[in-house]
Amino acid sequence: MRFANWKYPEFEEGKLNQYNWVVQHKENLDLGARTDIGAFTYINARHGVTIEEYVQIGSHCSLYSVSTIDNKHGPVHLKRNSRIGSHSVIMPGVTVGENSRIGAFSFITTDIPDNVLAFGVPARVIRPLTPEERATDTTEE
């Protein structure tokens, strides 16, 4: 039921949208349906960001497809039904697997496989998820 009244968000380049998150290089953002992105999240899609459907991103997260500190770049991919805890940072070239959960305040520098719980600085896989933890709300009206 969480996504029953979902509408595709409107956003302008580099400006907060109606949900108070911002995208740079919006032409390189592929945003799936029924996503939930928290307030004050920053998405730099210069080299591509794909967020599949049913993804949930907590508030104050940062997704970087480019890092000016170490000159790394590459697409970021959040697969279907993945969830990213608030205040987490995802670095260039990272894929977070389908159904996977990332704990709050995590720093994700490497790919996270499907169906796992991961957290930390840097983020590490902690354990596989149970079938109940992998469930998604696909109710549509």
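One table, with the values for the structure above:
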| item | result |
| --- | --- |
| Enclosed volume per residue, in Å³, of the convex hull spanned by Cα atoms of the chain | 90 |
| Region 39-57-region 74-90 distance, computed between alpha-carbon centres (Å) | 7 |
| Rule-of-thumb Rg ratio for region 51-129 [Cα; 2.2 N^0.38 Å; N residues] | 0.97 |
| Histogram of C-alpha separations across region 4-48, 10 Å bin width, % | 28, 61, 11, 0 |
| Within region 88-111, backbone nitrogen closer than 15 Å to the virtual label 7 Å beyond the Cα of Val121 toward Cβ | 88-91, 103-109 |
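Coordinate-derived values only; no laboratory data. Fair warning: this is a prediction, and the values are worked out from it, not measured in the lab. Ideal geometry is used to build each Cβ from the backbone, glycine not excepted, and the neighbour counts take in all protein chains shown.
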